[in-house]
Ligand SMILES: [Zn+2]
């Protein structure tokens with residue numbers, strides 16, 4: 001009895017599907033780089049459909065050469081989860097899940113938090129020219 005109940009609850013939980021960007025909509029992608037005084041850059045990549053935000057990525061990139069940028073840290077909302085890449089993809093398996101996403105409303109909701117995460121990570125680790 002107890003086990004059947006638990007099994008049902010588990011099943012219900014796994015049936016809630018995670019949010020994926022729909023591929024049948026007209027998607028509009030925009031990129032906004034913000035240059036910081038130290039020479040770093042925070043880049044926002046925003047994908048929207050019908051004026052609703054359906055995906056974002058926010059990246060801290062460091063300038064390592066003329067026109068050459070190296071990602072240090074990023075967070076994004078791909079694959080149904082708000083997650084961070086703690087080395088900015090420089091090392092494999094650097095993704096850490098922060099929160100599951102169930103709709104585009106969640107994507108919108110985590111945007112400010114994502115920007116703060118990237119900004120804080122930069123401020124604590126840049127070490128250059130501030
Ligand atoms: Zn910097």
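What to note about this one:
- Highest GNM mean-square fluctuation among 65, 35, 106, for the chain modelled with Cα contacts below 10 Å: 65.
- Within region 91-116, backbone nitrogen closer than 16 Å to the virtual label 7 Å beyond the Cα of residue 124 toward Cβ: 96-98, 113-116
- At an R0 of 41 angstrom, the distance between the Cβ atoms of residue 63 and residue 23 translates into a FRET efficiency of 0.75.
- Relative contact order of the chain, pairs being alpha-carbon contacts under 8 Å that are 6 or more residues apart, as %: 20 percent
- Counted residue by residue at 0.36 nm each, then reduced by the alpha carbon distance between them, the extension gain from residue 79 to residue 3 reaches 24.2 nm.
No value in this document is a laboratory result; all are computed from the given coordinates. Keep in mind that this is a model prediction, so the values were computed, not measured. Positions of Cβ are backbone-derived with ideal geometry, glycine not excepted, and every protein chain shown enters the neighbour counts.
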